[in-house]
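Working notes for the structure below.
Laboratory data are not the source of any read-out in this text; all were calculated from the coordinates shown. These figures come from a predicted structure and were not determined experimentally. Here the Cβ is made from the backbone with ideal geometry for all residues, glycine too, and neighbour counts use every protein chain on show.
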Amino acid sequence: MCGQWDLFCDLDETIQGLVTLGDTSKVQFKGKGNIPIKLKNGDHSYIAYVYYVPAITQNLVSIGQLMEKGYTLYTKNCHLTIIDYNGRLIAYVKMSKNIMFPLNIQYDTAKCLGAITNSEEWLWHLRLGHLNFTSLKMLTSKKMVKVMPHIDHPDEVCENCVLSKHHRSSFAKEVNWKAKRPLELVHTDVCGPIKPMSTEQNRYFLTFIDERRVGEEDANTTSIISIMPQLRELMIVKCWLLRALPDYVLAAPLQKLIISGCPNLRERYGKKEMGEDWQKISHIPNIDINS
């Protein structure tokens with residue numbers, strides 16, 4: 001809590017209420033914001049979520065709230081050490097005679113940087129949203145803007161204009177090199193966030209596309225078993241719409257198969273000698289199919 005309004009770099013004065021002090025008395029806070037500070041090593045940081053309480057004359061820091069936000073505090077030889085979640089030393093305080101730890105924090109000031117130009121050409125270039133100088137010169141020659149002076153094209157280049165006109169090289173439609181065997185080149189992409197979330201409360205999914213498609217009619221194509229020789233265990237959970245296991249999965253050297261929450265698969269494979277396709281998975285040593 002802080003009673004000095006000028007220490008805040010940003011303050012939301014719409015947040016107001018009452019706060020209870022250690023002597024059970026209540027005072028009103030009239031805002032909540034951040035206070036910039038300067039650390040011992042010269043780095044800049046800030047104290048977040050500070051209440052603005054005009055009635056107090058001493059700024060107070062809650063040890064409990066520091067611990068909730070990930071700070072580390074420990075005492076030794078009548079000294080208090082405060083370290084933030086990045087391992088930086090925030091304060092090293094000696095206990096006073098009244099059994100308190102007075103913090104001598106060096107407050108910082110928020111600095112705003114501004115760009116100033118004395119050139120009329122550049123000033124109008126910026127005023128009109130980085131309009132090109134040929135168009136600026138046309139505006140003056142045709143007297144379309146009364147207060148605009150004569151504009152000459154300067155020798156300098158606008159850095160922001162150059163950067164904004166940069167473009168990425170487009171993806172090649174054809175490539176000279178192609179993968180000759182499975183998993184030699186794999187394309188991957190992340191999709192999300194997706195609304196609404198899935199039934200498992202997921203918002204993203206990851207795709208892997210093999211450059212050399214498995215299953216194409218090619219004598220040089222390697223089978224799925226040789227592509228995934230380490231596939232020994234498979235768990236399928238809550239795939240309600242899945243009706244059958246792909247043949248290339250059944251051909252893998254599985255040692256353990258778990259199917260849970262998949263009613264269609266349970267009906268198709270079911271228990272021993274009951275499911276219509278039980279023989280397709282009977283070679284797997286450990287099978288666990290449940291609802």
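If each residue's Cβ is checked for other Cβ atoms within 10 Å, how do H187, H125, H79 rank with the fewest at the top?
Numbers: H187 9, H125 22, H79 12.
Ordered by Cβ neighbours within 10 Å, fewest first: H187, H79, H125.
Relative to the Cα centre, what is the charge dipole magnitude of segment 5-107, using +1 at the beta carbon of each Lys and Arg, -1 at the beta carbon of each Asp and Glu, and rounding to the nearest 20 debye?
Working: 10 positive and 8 negative charges, 87 e Å.
For segment 5-107, the charge dipole is close to 420 debye.
Can you sort F101, F208 by how many other beta carbons sit within 10 Å, fewest first? Could the numbers behind the result be given before it?
Working: F101 17, F208 9.
By the 10 Å Cβ count, ascending: F208, F101.
Quick check: pseudo-label points 7 Å beyond the Cα along Cα→Cβ at N98 and A244, how many nm apart are they?
Label-label distance for N98 and A244, simple model: 8.3 nm.
Could you compute the FRET efficiency for V162 and N118, with r as their C-beta to C-beta distance and R0 at 35 Å, rounded to 0.05?
Efficiency at R0 = 35 Å is approximately 0.95.
For segment 120-163, compute Rh as the Kirkwood radius over C-alpha pairs and then the Stokes-Einstein diffusion coefficient at 10 °C and 1.306 mPa s; write the answer in µm²/s, rounded to an integer.
Details: Rh = 10.6 Å.
Translational diffusion coefficient: 149 µm²/s.
Given 0.36 nm per residue, what is the gain on full extension from T75 to L185 after removing their alpha carbon distance, in nm? Display every interim value, and only then the final one.
Details: separation 110, 0.36 × 110 = 39.60 nm, distance 5.61 nm.
Using 0.36 nm per residue and subtracting the Cα-Cα distance, I get 34.0 nm.
Among the listed pairs K26/K94; K32/K69; K69/K94; K195/K238, which are separated by more than 26 Å between their Cα atoms?
Numbers: K26/K94 29 Å; K32/K69 16 Å; K69/K94 23 Å; K195/K238 20 Å.
Violating the 26 Å limit, Cα to Cα: K26/K94.
If R₀ is 35 angstrom, what is the calculated FRET efficiency for the pair I83 and T24, using the beta carbon separation as r and rounding to 0.05? Mind dumping the intermediate values first?
On the way: r = 31 Å, r/R0 = 0.90.
Using R0 = 35 Å, I get an efficiency of 0.65.
What does the charge add up to near Q16, with Lys and Arg as +1, Asp and Glu as -1, over the other residues with Cβ less than 12 Å from its Cβ?
On the way: positive: K30, K32; negative: D12, E13.
Residues near Q16 contribute 0 overall.
Ranking W5, W177, W124 by Cβ neighbours within 10 Å, fewest first, what do you get?
Listed from fewest to most nearby Cβ atoms, that is W177, W5, W124.
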